[in-house]
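Beneath this line is the structure, given in structure tokens, with notes to follow.
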Amino acid sequence: MSLITKRTQQPSPAVFAASPRPQLLRREVGNVALEGLDAYYGASRVLQGVSLGFVSGRATAIIGPSGCGKSTLVRCINRMHEEVPGARAAGKVTLDGVDLYDPRIDIVAVRRSIGMVFQKPNPFPTMSVIDNVTAGLRLAGADRGEIEDRGREALVGAGLWDEVKDRLSSPGTGLSGGQQQRLCIARALAVEPEVLLMDEPCSALDPVATLRIEELIGELKERVTIVIVTHNMQQAARVADTTVFMLDGQLVEVGPTEKLFTNPDDERTEQYVTGKFG
Amino acid sequence: MPETRSQYQDELDQLEASALGGLDLVSAALGRTLEAVEHQDVELAQLVVADDDRIDGRYLEVHQALITLLATQSPVATDLRLISAMLHVLKNVERMGDQCVNVCKLIPLSGNEPPSDQTMVELILRMGAQTKALIGQAKRAFADRDVELAQNLVREDDVVDDLNRECFRLALEIGDDADRREWAMTMLLAARAIERTADNAVDIGEQVAFVVTGLFREFEDASHPNP
């Protein structure tokens, strides 16, 4: 999958693989690096020189009070931020060394490589379960056999196959909230992303559906780099290998989740995770 | 930024006060225990035994409240370390109370007018007084999060250990009279219980260091004394 519309230089082999269908089980890809990332809404600077790495094979949670820039940060990774009128980003975001803000970059390909799951499940309302999952593949021009295979693989990968295999043609919106969210995860997985961004993916779900998604994150991180924004600190503690604490558009502390929740280095982190503000 | 969770914080503060208050109960029990040893006061010893229910009750009450707090408030970071440490402190409080009971249960065994050795009684009383001081120091160190004061407990505990060894030496040399030897053996058990109580105070000191630094280490490793 190429991220550059017109290739004018020798691409990174990991990202610009010659095969039109990269292998689902691949490693050493999906490393995201942010360097001096600023983000603006109009004149308001909501991210201030953020430098951070998201490593392949690991789940990273981003925590912080409302308005600290968590969602903006993840939306800068797959260039969703700039879709907001007046919003812009500056600095560097790379995926496996490729600058995602290079003017020659194909934004659609970026969003295929870096999938996103939102707070509220958003299945396409007029589509069936299977059509929801395979919509991206059809847009990419995959053939029928490939679409069926990868649609099934994605549903299995999202832990939904057994629950929907007998109603693949039913409307996606007929599923429960938790199933709809896993359907959206399957939709993102179907195009075989290297990174999956999850912005409060469980905030609209009941506890059982939440735990199912959390288990799924544990399984998915083996093959997709996971970045999850959450207000639920226990969720961050349960699912993430690394946790990032943000405040006022800046990184305060980044570290192993266990360390951050038992013995944080920064007093502001301590105050936040113990609930003394936020 | 506005402060939140003040009710939870108040509850945590109150539980800490209750847990450390358990050390005051132990200190009082130890004081009575020493008085009972000094005067061979069987009635006072029985009172200490009966009164141990208060210490056990404190243990159960605070322990349950801490478990509830863990379940309902999901504490993390310093709060989590504090709660973990308090659970250890409570266990030590309960054990120290039991050691006082152990000593008091020995007093009827030695009889109303035992063939006592005043030097050995004085050694035990000195051990008890030093242990009482250690309990107070452990409480202050915990309340003030004073790692230095906590670490100093080890040196203070060495005094108790030395006295205990002296008791042992005296018991060996107490003579051939069977009754005197039996009494000395009984007093050695009492000395051992007091020595363990002092060790419990040092354990509380180790928890102070854990709360403050986030790292647990034994101040002295009995199984590897010379690293």
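The values are calculated or read from the model by the stated rules, or taken from the named source; none is laboratory data. Remember, it's a predicted structure, so these values are computed and weren't measured experimentally. Here the Cβ is made from the backbone with ideal geometry for all residues, glycine too, and neighbour counts use every protein chain on show.
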Item to complete: Could you please let me know if residue B:70 is in a helix (DSSP H, G or I), at pLDDT below 95 and either crowded, with 20+ Cβ neighbours inside 10 Å or touching a helix residue (DSSP H, G or I) at 6+ places or on another chain (Cβ under 6 Å) (or both)?
Response: no
Worksheet item: Within segment B:6-49, how many residues turn out to be within 14 Å of chain A (Cβ to nearest Cβ) and touching a residue at least 24 places away in the same chain (Cβ under 8 Å)?
Response: 3
Worksheet item: Does residue A:147 satisfy the criteria of being part of a helix (DSSP H, G or I), hydrophobic (A, V, I, L, M, F, W, C) and touching a residue at least 24 places away in the same chain (Cβ under 8 Å)?
Response: no
Discussion item. Let me spell it out: the conditions are (1) closer than 30 Å to residue A:69 by Cβ; (2) at pLDDT 95 or above, and residue A:175 meets all of them except one. Which number is the exception?
Written reply: (1)
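Could you check segment A:230-245 and list, in sequence order, the residues that are in contact with a Leu (Cβ under 8 Å, 6 or more places away or on another chain) and away from chain B (no Cβ under 14 Å)? Outline the logic, then answer.
Initial filter on segment A:230-245 (in contact with a Leu (Cβ under 8 Å, 6 or more places away or on another chain)): A:243-245.
Passing the criteria: only A:244.
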Practice prompt. Could you grab the pairs with beta carbons closer than 7 Å, sequence gap of 6+ or different chains, first residue in segment B:184-209 and under 14 Å from residue B:133 (Cβ atoms), second one among the small types (Gly, Ala, Ser) and surrounded by 23 or more Cβ atoms within 10 Å (Cβ to Cβ)?
Written response: B:194/B:128; B:201/B:138; B:204/B:138; B:205/B:138; B:205/B:141; B:205/B:150
Practice prompt. Filter segment B:50-105 down to the residues that are touching a residue at least 40 places away in the same chain (Cβ under 8 Å) and of a type in the set (Ser, Thr, Tyr), then identify the one that is nearest to the other protein chains (Cβ to nearest Cβ).
Written response: B:78
Practice prompt. Kindly indicate which of A:194, A:214, A:219, A:258 is more than 14 Å from chain B (Cβ to nearest Cβ), out of contact with any helix residue (DSSP H, G or I) (no Cβ under 7 Å at 6 or more places or on another chain) and charged (D, E, K, R).
Written response: A:219
